[in-house]
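The next block holds one structure in the form of structure tokens; read it before the comments.
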């Protein structure tokens, strides 16, 4: 599936063999598809959103806003590992979020158990974007949330996965606290120290917000890297806007006062992320490296909506249904902006997290390591020469119970082909939606359009059977649940 890099096209861009681009990836945590102030096709009017993201808007004006971007999974670790490996979660084996080495973090389900999966997550020796770029001469820096390898394993330290520097990253996927006066620790609420953000002791006891502290550290690391004679890859992953939803006192005055208190706090977190982006872009401008830098801004999964937010649950990503943890669009649709040298194309077709691995390697003029399977498609020809993205199926596979209840929250697999999306809820229903006519996935068309449903179910079943991590199992018998094709045929059979 990997498109060949058209190296001849790179002569018009800064990404050449003599001067490869710097690469800045900003991977936000749990940011919803419309939680910003950008115009996005199908999104609610900007005036109706309580988010002010001027730095992201400026970046978008000089870059490309994806019309339809997806995360590789509706929860964090699988998507983060997919970005680093270019692989689908069902191939790399990390199909759910991780924490302690060797421990399955899946929530309990009344009938189902997950299949065997890679609970330790990434480990030394795995092919990663950071290691591949470092081998090609890049200085590689990680700042913020890692969540790549489980606690108690070598992979919990990003430096074991190809990063020269690690600031604030470890095994946990959320912070103990966003407040420096609480030491970014969960101790103030009697929480487990596993959530405490490491390496930021200099900020403990200060009235400083975690995103601001990480932005300051990232800006310093970026400036130091740019002063060297090596290209820089900075992976900046603020823990925001992950729970615990906590207001940033510095940005709170910019947020409308009429909002429900938790939603106002959430909006202040979004503003903090935008400020962090602005701080990093300011370094590029100050050093004259903006035109040599490829900048990517995206999220690891859909926006949190089942709990922890203000207002009605499962509504925060409207017009998309549900949110983080769900098979529905609100769980996997994410914002995506990419800007940099020589970009003049568009991303009109659906794209997905694991496309970033081949795209960024193409931009750098670096080949993927021999023998490493890549599921992503490079956008570089589309971005630099206006070449069309290939038509392809996208699919998702999370055979795990997430915990909260709500629309689409269940062990599942799904496949999108054109505007049609088929969801197979393991051991239960199969549903077909037309996203063009029904982006909120309110009308199941499986019975009305059986031929289309069968075609997608057959394609999904083939993928379910052919990858590292398979289908859920019935607890009572240990048997694997029927695949998508079998489940659909049973549902369509005459009663």
Test: residue in the stretch 204-211 that is in contact (Cβ under 8 Å) with a residue 60 or more places away in the chain and part of a helix (DSSP H, G or I): yes
Matching residues, the stretch 304-334, being part of a loop (DSSP other than H, G, I, E, B) and touching a strand residue (DSSP E or B) at 6+ places or on another chain (Cβ under 6 Å): 320, 327
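With respect to residue 375, is the statement that it is farther than 24 Å from residue 293 by Cα, in the same structural domain as residue 38 (by TED's automatic domain parsing) and touching a helix residue (DSSP H, G or I) at 6+ places or on another chain (Cβ under 7 Å) true?
yes
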Flag if residue 369 is assigned to a loop (DSSP other than H, G, I, E, B), touching a helix residue (DSSP H, G or I) at 6+ places or on another chain (Cβ under 9 Å) and either assigned by TED's automatic domain parsing to the domain that holds residue 424 or surrounded by fewer than 24 Cβ atoms within 10 Å (Cβ to Cβ) (or both): yes
Unmet requirement for residue 229, which otherwise passes all of (1) closer than 22 Å to residue 208 by Cα; (2) modelled with pLDDT under 95: (1)
Some residue of the stretch 151-162 being modelled with pLDDT under 95 and in the same structural domain as residue 28 (by TED's automatic domain parsing): no
Answer residue from the stretch 468-495, given it is assigned to a loop (DSSP other than H, G, I, E, B) and farther than 20 Å from residue 113 by Cα and is modelled with the lowest pLDDT among those: 495
The one condition in (1) under 25 Å from residue 274 (Cβ atoms); (2) without any contact (Cβ under 8 Å) to a residue 60 or more places away in the chain; (3) in contact with a helix residue (DSSP H, G or I) (Cβ under 7 Å, 6 or more places away or on another chain) that residue 57 fails to fulfil: (3)
Residue among 215, 202, 186 that is more than 22 Å from the chain's Cα centre (by Cα), buried (at least 19 other Cβ atoms within 10 Å of the Cβ), assigned by TED's automatic domain parsing to the domain that holds residue 251 and under 22 Å from residue 157 (Cα atoms): 186
Any hit, the stretch 182-191, residues being modelled with pLDDT under 95, assigned to a loop (DSSP other than H, G, I, E, B) and at negative phi: yes
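I'd like the full set of residues that are in contact (Cβ under 8 Å) with a residue 24 or more places away in the chain and surrounded by fewer than 16 Cβ atoms within 10 Å (Cβ to Cβ), limited to the stretch 459-477.
474, 475, 476
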Flag for residue 240 being without any contact (Cβ under 8 Å) to a residue 24 or more places away in the chain, in contact with a helix residue (DSSP H, G or I) (Cβ under 8 Å, 6 or more places away or on another chain), part of a loop (DSSP other than H, G, I, E, B) and surrounded by 20 or more Cβ atoms within 10 Å (Cβ to Cβ): no
Verdict on residue 461 being modelled with pLDDT of 95 or more and touching a strand residue (DSSP E or B) at 6+ places or on another chain (Cβ under 7 Å): no
Residue list for the stretch 336-349, restricted to those being part of a loop (DSSP other than H, G, I, E, B), touching a strand residue (DSSP E or B) at 6+ places or on another chain (Cβ under 6 Å) and farther than 19 Å from residue 390 by Cα: 340
Residue match in the stretch 59-74 (condition: within 30 Å of residue 477 (Cα to Cα), crowded, with 24+ Cβ neighbours inside 10 Å and at pLDDT 95 or above): yes
Test result for residue 119, within 20 Å of residue 469 (Cβ to Cβ), touching a helix residue (DSSP H, G or I) at 6+ places or on another chain (Cβ under 9 Å), assigned by TED's automatic domain parsing to the domain that holds residue 350 and not in a helix (DSSP H, G or I): no
Any hit, the stretch 12-19, residues being within 22 Å of residue 340 (Cα to Cα), modelled with pLDDT of 95 or more and in a loop (DSSP other than H, G, I, E, B): no
Top-ranked residue in the stretch 146-181 [being over 18 Å from the mean Cα position of the chain (by Cα), assigned to a strand (DSSP E or B) and touching a residue at least 40 places away in the same chain (Cβ under 8 Å); ranked as nearest to residue 136 (Cα to Cα)]: 165
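The values are calculated or read from the model by the stated rules, or taken from the named source; none is laboratory data. Because the structure is predicted, anything quoted here is derived from the model rather than measured. With ideal geometry, Cβ positions are generated from the backbone for all residues, glycine too; neighbour counts draw on all protein chains shown.
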